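First comes the structure, then the notes that go with it.
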Amino acid sequence: AQTVTQSQPEMSVQEAETVTLSCTYDTSESDYYLFWYKQPPSRQMILVIRQEAYKQQNATENRFSVNFQKAAKSFSLKISDSQLGDAAMYFCAYRRGGADGLTFGKGTHLIIQP
Amino acid sequence: DGGITQSPKYLFRKEGQNVTLSCEQNLNHDAMYWYRQDPGQGLRLIYYSQIVNDFQKGDIAEGYSVSREKKESFPLTVTSAQKNPTAFYLCASSKSLAREQYFGPGTRLTVT
């Protein structure tokens, strides 16, 4: 079975600084997708970024970028120029290609210090 | 507005009662999903459906049932057989199983 591990239960960063959230996963599949979701206090899950395993280029979405290391099975999220609105739980998620639902990590609570 | 709606936001039930959580989407998505979230945990997959009248068990389907009679709707019934039903329940949908999932606002179920 696939597993997703987020080793940082909580991270804190100063506003305007950069922070990196870690995620590792375990799979024997070659075709899969990786995601980062944000869950603010409202508890709405919001898609931040996605990465296809077959793509070597790291995905970016404005201030959010990933460092995808396929051989190491690592998928970290970098948030640049952190803003107060970035404060939330961040979940790393995995899905096999073309099949079923998502497997989530336990999340990292990101605190933004003003 | 296109989106996913879940109602109600908060739901209270007595132990031993079945309860049905609503999930509706107007995104014309084919696939729909139900997840459960417990404190300090990530989401866990309960059931998913790729097309109308078809659905598959996820990782924690015991004590739950679903139906998919319409493309737009995927209700989840929490039965009295579910040992620990108190949780936050999230519904999601995607254009197909291969695409990213979008989530509804969730329903907080408390069973006492």
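The values are calculated or read from the model by the stated rules, or taken from the named source; none is laboratory data. No experiment lies behind these values; they were computed from the predicted model shown. So basically every Cβ, Gly included, is an ideal-geometry build from the backbone, and we count neighbours across all protein chains shown. These accessible areas exclude ligands, DNA and RNA; they are computed on the full protein's heavy atoms, side chains included. Shrake-Rupley method; radii C 1.70, N 1.55, O 1.52, S 1.80 Å.
Assorted remarks:
- Residue match in region B:102-110 (condition: within 16 Å of A:Gly101 (Cα to Cα) and either open to solvent by 30 Å² or more (accessible area, probe 1.4 Å) or among the small types (Gly, Ala, Ser) (or both)): yes
- Any hit, region B:74-81, residues being aliphatic (A, V, I, L, M), open to solvent by less than 10 Å² (accessible area, probe 1.4 Å) and at pLDDT 95 or above: yes
Residue-wise test of (1) open to solvent by less than 80 Å² (accessible area, probe 1.4 Å); (2) over 30 Å from A:Gln8 (Cα atoms); (3) of a type in the set (Asp, Glu).
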site	(1), (2), (3)
B:Gly3	yes, yes, no
B:Ser7	yes, yes, no
B:Cys23	yes, yes, no
B:Asp30	yes, yes, yes
B:Tyr47	yes, no, no
B:Asn53	no, yes, no
B:Gln56	yes, yes, no
B:Asp59	no, no, yes
B:Val66	yes, yes, no
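- Taken over region A:37-56, the criterion of being within 11 Å of chain B (Cβ to nearest Cβ) and open to solvent by 50 Å² or more (accessible area, probe 1.4 Å) is satisfied by A:Ser42, A:Arg43, A:Gln44, A:Ile46, A:Arg50.
- Enumeration of residues in region B:32-45 that are open to solvent by less than 90 Å² (accessible area, probe 1.4 Å) and of a type outside the set (A, V, I, L, M): B:Tyr33, B:Trp34, B:Tyr35, B:Arg36, B:Gln37, B:Asp38, B:Gly40, B:Gln41, B:Gly42
- Pairs meeting the criteria (first residue in region B:29-57 and farther than 15 Å from B:Ser94 by Cβ and within 10 Å of chain A (Cβ to nearest Cβ), second residue buried (at least 23 other Cβ atoms within 10 Å of the Cβ) and of a type in the set (D, E, K, R), beta carbons under 8 Å, at least 6 apart or on different chains) are B:Arg44/B:Arg36; B:Ile46/B:Arg36.
- Looking only at region B:87-98, and only at residues there that are more than 9 Å from chain A (Cβ to nearest Cβ) and out of contact with any Lys or Arg (no Cβ under 9 Å at 6 or more places or on another chain), the one that is most open to solvent (accessible area, probe 1.4 Å): B:Lys95
- B:Ser94 vs. criteria at pLDDT 90 or above and under 13 Å from the mean Cα position of the chain (by Cα): no
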